[in-house]
Each structure stands twice: as C-alpha cells, then as structure tokens.
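First comes the structure, then the notes that go with it.
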Amino acid sequence: MSAYTATVTVRLKRGVLDPEAETTKHALERLGFELEALRSTDRFELDLDAADAERAAERAEGMAERLLANPTIHDYDVDVTERE
Amino acid sequence: MIAVVRFGGSNCDRDAVRALEAVGLDAEIVWHEDGLPADADGVVLPGGFSYGDYLRAGAMAARSPIMDDVRDAANDGVPVLGVCNGAQIGCEAGLTPGAFTTNASARFQCEHVHLRVENAETPWTRAYEEGDVVEFPIAHGEGRFEIPDAELAELENDDRVLFRYCDAEGNITEKANPNGSTGNVAGIVGESATVAVMMPHPERAALPLLGGTDGQGVLEGFA
C-alpha cells in the first residue's frame, strides 16, 4: 500500500448558470480588475492509502459519483499524487 | 399516519404536521435516526437546512440511512412529498430527476409566488383544475430547477410537471420566475405520480390564519 492524495475538482457543467461566480466577477470589476469570465470550482483533497495510483483514482471517482458531485449539474476530474 | 421526517436542521417539520392535521390527516414527526415506522402510509420530507446545506442543499440528508426506507416505501406506492429542502433532498436522492441549485439572483428569496397547475391528474393536484393559478410562499436560496434539455422534454412528454411559476393571470413569463428555474418548473413528480417534490410551501398556505389555504390541495394528496 502507498499513500496518495486524490484531488477531486467539481465544477458546474458548461452552460449551467453560476450566480455566485457572476456576483464574484462583478465584485472584482467594481474593484477595478478586468476579466472576461470567472468560474468557481470545489476542490476536495482526499488522503488515502491504495495499492497503486489507479486504485486510488478509482476510489476517488467513486466518491465523486456518489456524493461529491451531482451528475445533473456537475463535471469532475480526479488527479492523484503520491503523498510523502 | 403520515411520517414527517426530521433531520438535523429541518425547520418546517412542525408546520407540516399542523398543516396536515388541518386537512384531517394524522401526522407525526419521525427523527431520521429512528428509521421510517412500518405503519407510515405517507412521508413528508420537510423544509429547512438539513446538515447546514453542507456540500449542496439536501446532499447529506439524501444519503442518510432513512432515505433507503423512504425509497423502499416509495417503490411500494407510499406517497412521498418533498417540500423546499425536502425537494432538494428528493432530487439528490434520485427520487425525482433534476437538481435544485442557487437562485439566479444569488439571493435567498422569501416571497409569495403564483403557480399554474400543469397536471391536475396527480394525487397532489386533483383538488385543482389544470390551469388554476394558486398562491404559495417560497423561502429558498437554492431553488433554481436545473435539468438537461432532453430530460425536461421527457418530463413534459410524460406530463410530470405539477406546477410552473406564473403571473397572477397564469402566464408563464420570465418575470414571474422567481429563481431562474428551467421552464419555470416549481414542482414535479417522480416516475410514479405518488412521489412529488416542490420548492414552494403548501404547508405554509394551509391555514386561514396565515392568509390562504391554496396549499391544502397538495396535502390532500395523502388522503
């Protein structure tokens, strides 16, 4: 078994309105910043032990499917790195 | 007995019991950890902020053990009604399609809205006529109904939309849509019409003292 950190990033599917991101973008513009668009995501860092990185990724994907993301509105991706 | 399921953070559970009693039904609050009583012949998933809306509104409650009981009961034909946070829980649990997410305004909205009855052939709407305009309160920050186009088309084809947000005359307009819901959808039924979710609160429009009784018809769906 090795120690991994699986990072799950959950974002709204393209085309799904994100009012909080819009509000944040407007606030940045009020502060004088220029930007074309702003997207926000949720990032979950999962420390877990697994036989290899592939197994670690599978487990993290299972967690995203079952709870961390809502497939109706979200896409997600999983990135696994070895943990010291 | 109608079981009104109380999760940590439910806050419309007592209102629901009172409103159900007002239409002559026997209702009881059931703590979620106690499981669904075997004699429950109806289930209300009430409004509130279960688990502090952590992760997403309804996400945690939808995955709590009592929801397995609720799913089994629904499959056996026991009527299930999810209101507000209960609607969010119902969608998160897969009892109904789609998702309720952040209002287009990005604000919590507490106001009275008009709803048009889209299908009067369900237990929840048989007290009304198709096209009737009713007035219910809403109180939510995450009530925008989102659903992929193909799934919405399927819902509409199968006549599974219960209510749409409308103006006082029954016109479905963008202005009358309080939260940006796809197709102005305010409430739907699951694969079986005995399972329904809706963001507006019928139980807050069920006592004359509170200014209206339009919501009684929905609650009579349990009768």
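The values are calculated or read from the model by the stated rules, or taken from the named source; none is laboratory data. Just so it is clear, the structure is predicted and the values come from calculations on it, not from any experiment. Every residue, glycine as well, gets a Cβ built from its backbone with ideal geometry; the counts of neighbours run over all protein chains shown. Accessible surface areas use protein heavy atoms only, side chains included; no ligands, DNA or RNA. Shrake-Rupley method; radii C 1.70, N 1.55, O 1.52, S 1.80 Å.
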Just to be sure I understand: if I project the alpha-carbon convex hull of the protein assembly as shown onto a plane and average over all orientations, what area do I get in nm²? 18.4
Residue-count net charge about residue B:135 - beta-carbon cut-off 15 Å; Lys, Arg +1, Asp, Glu -1: -3
Tabulate in residue order the Karplus-calculated ³J(HN,Hα) for the stretch B:36-49, using 6.51 cos²θ - 1.76 cosθ + 1.60 with θ = phi - 60°, rounded to whole Hz; enter x for Gly and Pro. 7, x, 5, 8, 6, 10, x, 9, 10, 9, x, x, x, 9
Please tell me the relative contact order of chain B in percent, rounded to the nearest whole number, where contacts are Cα pairs under 8 Å and at least six residues apart. 21
Given the DSSP H assignment, sum -39500 (n - 2.57) over each helix run of at least 4 residues in chain B and divide by its residue total; what's the result at 222 nm in deg cm²/dmol, nearest 500? -5000 deg cm²/dmol
Spelling it out for residue B:163: with amide H atoms placed in the peptide plane at 1.01 Å from N, the residues 5 or more places away or on another chain with amide H under 5 Å from its amide H are B:118, B:186, B:187
Against the 2.2 N^0.38 Å scaling, with N counting residues, where does the stretch A:2-82 land? I'd like the Cα-based Rg ratio to two decimal places. 1.36
Give the range of the longest stretch in chain B that excludes all GluC sites (Glu not before Pro) found in loop regions by DSSP and having at most 13 other beta-carbon atoms within 10 Å. B:1-120
Could you go through the stretch B:144-156 in sequence order and give the Karplus-derived ³J(HN,Hα) for each residue, using 6.51 cos²θ - 1.76 cosθ + 1.60 with θ = phi - 60°, rounded to whole Hz, and x for Gly and Pro? 6, 6, 10, 7, x, 3, 5, 6, 5, 4, 5, 4, 5
What ³J(HN,Hα) values, in whole Hz, does the Karplus curve 6.51 cos²θ - 1.76 cosθ + 1.60 give for the stretch A:48-58 when θ = phi - 60°, with x put for Gly and Pro? 8, 9, 8, 5, 7, 4, 5, 5, 4, 5, 4
Antiparallel DSSP beta bridges within chain B, as percent of all bridges there, nearest 5: 60
In the stretch B:88-108, whose amide N lies under 17 Å from the spot 7 Å out along Cα-to-Cβ of residue B:150? List them in ranges. B:97-99
Name the residues whose placed amide hydrogens come within less than 5 Å of the amide hydrogen of residue B:143, ignoring near sequence neighbours (fewer than 5 apart) on the same chain. B:101, B:103
Cα-only Debye scattering, the stretch B:65-223: base-10 log of I(q)/I(0) at q = 0.11 Å⁻¹: -0.38
Counting helices only, and only those DSSP H runs with n ≥ 4, report the 222 nm mean residue ellipticity of chain A as the sum of -39,500 (n - 2.57) divided by its residues, in deg cm²/dmol to the nearest 500. -8500 deg cm²/dmol
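What ranking of B:194, B:96 comes out by heavy-atom accessible area, probe 1.4 Å, highest first?
Reading off the accessible areas and sorting them downward yields B:194, B:96.
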